[in-house]
């Protein structure tokens, strides 16, 4: 059972890195030609936001696989070898709220204000 959770942690880490690399590729491939060497902060926010969105979608299969590790336990808190998914879900939700209400609007105003120069 310990090997299963180690494999799940390794797979989750590799998938997070692949999601980040894929989002960087999307940004580089589809960016406007005039923005190639400028506006790094909004580009970072775009990659970060897409990565958080992709990771939040991929957390559901991770949660299912994590629960399968302790299916013989009476309740989930009895198994100590699982990933703390409740904390991860809460972290993703908090990061989503911070991105949506504070960071992305600031990045949009920063990007629009930078174009006037």
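The values are calculated or read from the model by the stated rules, or taken from the named source; none is laboratory data. Owing to the predicted nature of the structure, the values given are computational and were not obtained by experimental measurement. Cβ placement follows ideal geometry from the backbone for every residue including glycine, while neighbour counts extend to all protein chains displayed.
Kindly indicate which of 52, 11, 17 is part of a helix (DSSP H, G or I), loosely packed, with under 15 Cβ neighbours inside 10 Å and either modelled with pLDDT of 95 or more or touching a strand residue (DSSP E or B) at 6+ places or on another chain (Cβ under 8 Å) (or both).
17
Condition check: modelled with pLDDT under 85 and either surrounded by 15 or more Cβ atoms within 10 Å (Cβ to Cβ) or assigned to a helix (DSSP H, G or I) (or both). Does residue 114 satisfy that?
On the way: modelled with pLDDT under 85: yes; either surrounded by 15 or more Cβ atoms within 10 Å (Cβ to Cβ) or assigned to a helix (DSSP H, G or I) (or both): yes.
Spelling it out, residue 114 is indeed modelled with pLDDT under 85 and either surrounded by 15 or more Cβ atoms within 10 Å (Cβ to Cβ) or assigned to a helix (DSSP H, G or I) (or both).
Check whether at least one residue in segment 20-37 is at pLDDT 90 or above, part of a helix (DSSP H, G or I), under 15 Å from the mean Cα position of the chain (by Cα) and surrounded by fewer than 13 Cβ atoms within 10 Å (Cβ to Cβ), and report yes or no.
Yes, segment 20-37 contains a residue that is at pLDDT 90 or above, part of a helix (DSSP H, G or I), under 15 Å from the mean Cα position of the chain (by Cα) and surrounded by fewer than 13 Cβ atoms within 10 Å (Cβ to Cβ).
Condition check ((1) modelled with pLDDT under 85; (2) surrounded by fewer than 16 Cβ atoms within 10 Å (Cβ to Cβ); (3) part of a helix (DSSP H, G or I); (4) over 10 Å from the mean Cα position of the chain (by Cα)) across all residues:
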{"site": "42", "(1), (2), (3), (4)": "no, no, yes, yes"}
{"site": "62", "(1), (2), (3), (4)": "no, no, yes, yes"}
{"site": "83", "(1), (2), (3), (4)": "yes, no, no, yes"}
{"site": "93", "(1), (2), (3), (4)": "no, yes, yes, yes"}
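Looking at this structure, is residue 44 in contact with a helix residue (DSSP H, G or I) (Cβ under 6 Å, 6 or more places away or on another chain) and free of Cβ contacts under 8 Å to residues at least 60 places away in the same chain? Give the derivation first.
Working: in contact with a helix residue (DSSP H, G or I) (Cβ under 6 Å, 6 or more places away or on another chain): no; free of Cβ contacts under 8 Å to residues at least 60 places away in the same chain: yes.
It is false that residue 44 is in contact with a helix residue (DSSP H, G or I) (Cβ under 6 Å, 6 or more places away or on another chain) and free of Cβ contacts under 8 Å to residues at least 60 places away in the same chain.
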